[in-house]
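Q: Before we start, here is the structure in question, set down as structure tokens.
The values are calculated or read from the model by the stated rules, or taken from the named source; none is laboratory data. None of the values given here were measured: they were computed from a predicted structure. All Cβ positions, even for glycine, are placed from backbone atoms using ideal geometry, and neighbour counts span all protein chains on display. Please note that ligands, DNA and RNA were not included when accessible areas were found on the heavy atoms of the full protein model with its side chains. Shrake-Rupley method; radii C 1.70, N 1.55, O 1.52, S 1.80 Å.
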Amino acid sequence: MTTISKDNKVVTLINVFTVEPENQQRLADMLVEATEKTMKNLSGFVSATIHKSADGLRVANYAQWRSRQDFEAMLKSPEATAHMKPIMEIASSMLICMR
């Protein structure tokens, strides 16, 4: 479960995907599957929550990683990139990484 706290010592990733409304649920399902099958098994993964916008145009992934190094290792992971390739075929994204 995601916990938001000023005392929480994690790196927070906010990835906002833009998608055609007819693909919003499919994208959300793909992100949940990637989290359940891959991300949660990678070193440093803390949590992820997927949110769908009311207008159908966006899906946000709010994720927490133990450290920036763990987050960067995920970006290079073949398992993670395998999940992201089909996602990026139906959506564009803006990534924000915070401490």
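For every residue, the table says whether it meets (1) part of a loop (DSSP other than H, G, I, E, B); (2) open to solvent by 80 Å² or more (accessible area, probe 1.4 Å); (3) of a type in the set (Gly, Ala, Ser).
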{"site": "VAL16", "(1), (2), (3)": "no, no, no"}
{"site": "ASN23", "(1), (2), (3)": "no, no, no"}
{"site": "ALA28", "(1), (2), (3)": "no, no, yes"}
{"site": "LYS40", "(1), (2), (3)": "no, yes, no"}
{"site": "ASP55", "(1), (2), (3)": "yes, no, no"}
{"site": "ALA60", "(1), (2), (3)": "no, no, yes"}
{"site": "LEU75", "(1), (2), (3)": "no, yes, no"}
{"site": "ILE87", "(1), (2), (3)": "no, no, no"}
{"site": "ILE96", "(1), (2), (3)": "no, no, no"}
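Q: Residues being open to solvent by 40 Å² or more (accessible area, probe 1.4 Å), in a strand (DSSP E or B) and farther than 24 Å from GLN25 by Cα: count how many of those fall in region 62-73. Before the answer, list the steps.
A: Of all residues in region 62-73, those open to solvent by 40 Å² or more (accessible area, probe 1.4 Å) come to 62, 66, 68-69, 72-73.
Now restrict to residues that are in a strand (DSSP E or B): 62.
In the following step, the residues that additionally are farther than 24 Å from GLN25 by Cα were identified as none.
Going through region 62-73 one residue at a time, the tally reaches 0.
Q: Another question about this same structure. From the list THR81, THR3, which one is of a type outside the set (A, V, I, L, M, F, W, C), part of a loop (DSSP other than H, G, I, E, B), at pLDDT below 95 and over 11 Å from the mean Cα position of the chain (by Cα)? Break it down stepwise before answering.
A: On the way: THR81 fails: part of a loop (DSSP other than H, G, I, E, B).
When all the criteria are applied, what remains is THR3.
Q: Within the set of pairs 6+ apart or on separate chains, which have a first residue in region 26-53 that is farther than 16 Å from ARG66 by Cβ, a second that is of a type in the set (Lys, Arg) and surrounded by fewer than 18 Cβ atoms within 10 Å (Cβ to Cβ), and C-beta atoms under 6 Å apart?
A: ALA28/LYS52
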